[in-house]
Amino acid sequence: MPYIYMNIMLAFVISLVGTLMYRSHLMSSLLCLEGMMLSLFTLNALLSLNMNFTLSTTVPLILLVFAACEAAVGLALLVMISNTYGLDYVQNLNLLQC
Amino acid sequence: MNPLALSLILTTLLAGTLITMMSSHWLTAWMGLEMNMLTMIPILMKTTNPRSTEAATKYFMTQAMASMMLMMALTINLMYSGQWSITKMTNPVASNMALMALMTKLGSAPFHFWVPEVTQGVELTPGMILLTWQKLAPLSLLYQMATYTNTSLIYLSGLLSILIGGWGGLNQTQLRKILAYSSISHMGWMLIILPFNPTLTLLNLAIYITLTLSIFMILANTFTTSMSSLTLMWNKTPAMTIMLMATLLSLGGLPPLSGFMPKWLMIHELTKNNSIIMPLTMAIMTLLNMYFYMRLIYYSSLTILPSTNNMKMTWQFTNTKHTMTLPTLIILSNMLLPLTPMISMLE
């Protein structure tokens, strides 16, 4: 496998780990979600160009559209949480345990 | 909610699932899953209290991460095979990664941690949509792509789901969490039979959806969300209390009721394929589920907790809540067992 694809997949894995392991802010998890999306966008664009998948050249754009919608919804939820608690600390989200 | 907004949201929910179920290209399927997730968030946040916000956030985070993992699996598949068809995902890395992403979307162990919390944080009607309608799209994708995945992963996840669904529900008093753990357990059964006979997965899904819809509608009718409110149901709606008992027994898989049909056919299919220990473990672990259903039945229909005499004689008001399809669903969820030979219609 060419080195560039492995590089971008490594970026994806790092963003994935960043989504799962964050210290206190929910915002960092949302940022890593966008990082995953960015690495997917780059990988798809490179694949469409290098392997001449001419019909798949719109795929990165479609991914971008859906990721933008997701980011908007994520930020709206962040705003709702900040409304209640003042911060976006994840330790605050403890109402539903047990 | 504003009727126009509600109709738009429900239409998008329907459209998302149908797009996923009717697609043969992975990108369209992924787009349908995204639409489903995005439009589920306002449904989960119908009431704007902090619990709903927390439930919607947890739902959003897990499902968004699963969508991104699924897209990565599809991109790896594109890299190695050059095509986007759902049924031919031959690269093992891609198909196992997609399997894990779809299992996260379904809420089966070891990716089940969001299900009890999200179901608990929302009202009964959004919880009902979460546990029934949202299973259709990922399972339709799993049904098509499971042939190329590692079956050990499916068995591991299924067995773990049944174990966790059984043991997790034992310590609960909130009905929504009990139904969430019941959902995890049923997903385990559906996953295990997938490599052997995928038609039985769909049968189990259909009967599970009927049963869960009945239970949620009975609970929504009387606004009961915890076990303590269940004890007062005999007074307000005695007929529905009996129906709840029958439907809960059916959910546990007791023989003359229709919940027994999928379990019986699955154990039959597994033993036909010479695997004895796995259906034995599955059947015994499902008894844990049966225990906490029996506890619910005990407190709702079999005993009357101590109360003063005037609490026992309430005014019998006429029911103003819509129980549109409830009688049909209750009959379907309790009396379908004699129709088992008709399963050949599903092939």
Tell me, please, whether a residue that is at pLDDT 95 or above and out of contact with any helix residue (DSSP H, G or I) (no Cβ under 7 Å at 6 or more places or on another chain) can be found in the stretch B:30-37. no
Select from the stretch B:4-22 the residues that are part of a helix (DSSP H, G or I) and within 26 Å of residue B:86 (Cα to Cα) and list them in ascending order. B:11, B:12, B:13, B:14, B:15, B:16, B:17, B:18, B:19, B:20, B:21
Tally, over the stretch B:304-318, of residues that are free of Cβ contacts under 8 Å to residues at least 12 places away in the same chain and open to solvent by less than 100 Å² (accessible area, probe 1.4 Å): 2
Across the stretch B:6-31, the tally of residues that are open to solvent by less than 10 Å² (accessible area, probe 1.4 Å) and either β-branched (Val, Ile, Thr) or within 11 Å of another protein chain (Cβ to nearest Cβ) (or both) stands at 4
Note on the stretch B:241-251: residues open to solvent by 30 Å² or more (accessible area, probe 1.4 Å) and either more than 21 Å from residue B:187 (Cα to Cα) or outside any helix (DSSP H, G or I) (or both) are B:242, B:243, B:245
Could you list all residues from the stretch B:275-287 that are aliphatic (A, V, I, L, M), in contact with a helix residue (DSSP H, G or I) (Cβ under 7 Å, 6 or more places away or on another chain) and surrounded by fewer than 19 Cβ atoms within 10 Å (Cβ to Cβ)? B:278, B:283
Qualifying residue in the stretch A:84-95 (condition: open to solvent by 40 Å² or more (accessible area, probe 1.4 Å), in contact with a Pro (Cβ under 7 Å, 6 or more places away or on another chain) and either facing another protein chain (nearest Cβ under 7 Å) or modelled with pLDDT under 95 (or both)): yes
What's the number of the only condition in (1) closer than 12 Å to residue B:333 by Cβ; (2) part of a helix (DSSP H, G or I) that residue B:257 fails to meet? (2)
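Table: residues versus (1) over 24 Å from residue B:76 (Cβ atoms); (2) open to solvent by 50 Å² or more (accessible area, probe 1.4 Å); (3) of a type in the set (Gly, Ala, Ser); (4) without any contact (Cβ under 8 Å) to a residue 40 or more places away in the chain.
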position	(1), (2), (3), (4)
A:27	yes, yes, no, no
A:31	no, yes, no, yes
A:40	no, no, no, yes
A:45	no, no, yes, yes
A:51	no, yes, no, yes
A:57	no, yes, no, yes
A:61	no, yes, no, yes
A:71	no, no, yes, no
A:82	yes, no, yes, yes
Return yes when residue B:233 is farther than 19 Å from residue B:194 by Cβ, surrounded by 14 or more Cβ atoms within 10 Å (Cβ to Cβ) and without any contact (Cβ under 8 Å) to a residue 24 or more places away in the chain and no when it is not. no
Could you please find all residues in the stretch B:295-329 being closer than 30 Å to residue B:160 by Cα and either out of contact with any Leu (no Cβ under 8 Å at 6 or more places or on another chain) or in a loop (DSSP other than H, G, I, E, B) (or both)? B:295, B:298
Among the helices (runs of 4 or more DSSP H) confined wholly to the stretch B:38-138, which include 1 or more residues that are open to solvent by 30 Å² or more (accessible area, probe 1.4 Å) and more than 9 Å from every other protein chain (Cβ to nearest Cβ)? B:50-81, B:92-106, B:124-132
Pull up the stretch B:202-222, narrow it to residues that are over 12 Å from the mean Cα position of the chain (by Cα) and over 13 Å from residue B:250 (Cβ atoms), then point me to the one that is most open to solvent (accessible area, probe 1.4 Å). B:202
Scan of the stretch B:249-280 for residues that are without any contact (Cβ under 8 Å) to a residue 40 or more places away in the chain and not hydrophobic (A, V, I, L, M, F, W, C), ordered by number: B:253, B:268, B:271, B:272, B:274, B:275, B:279
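The values are calculated or read from the model by the stated rules, or taken from the named source; none is laboratory data. It should be emphasised that the depicted structure is a prediction, and the values quoted were computed from it without experimental measurement. Using ideal geometry, Cβ is built from the backbone for each residue, glycine included, and neighbour counts are taken over all protein chains shown. Protein only, heavy atoms only, side chains kept; ligands, DNA and RNA dropped before computing areas. Shrake-Rupley method; radii C 1.70, N 1.55, O 1.52, S 1.80 Å.
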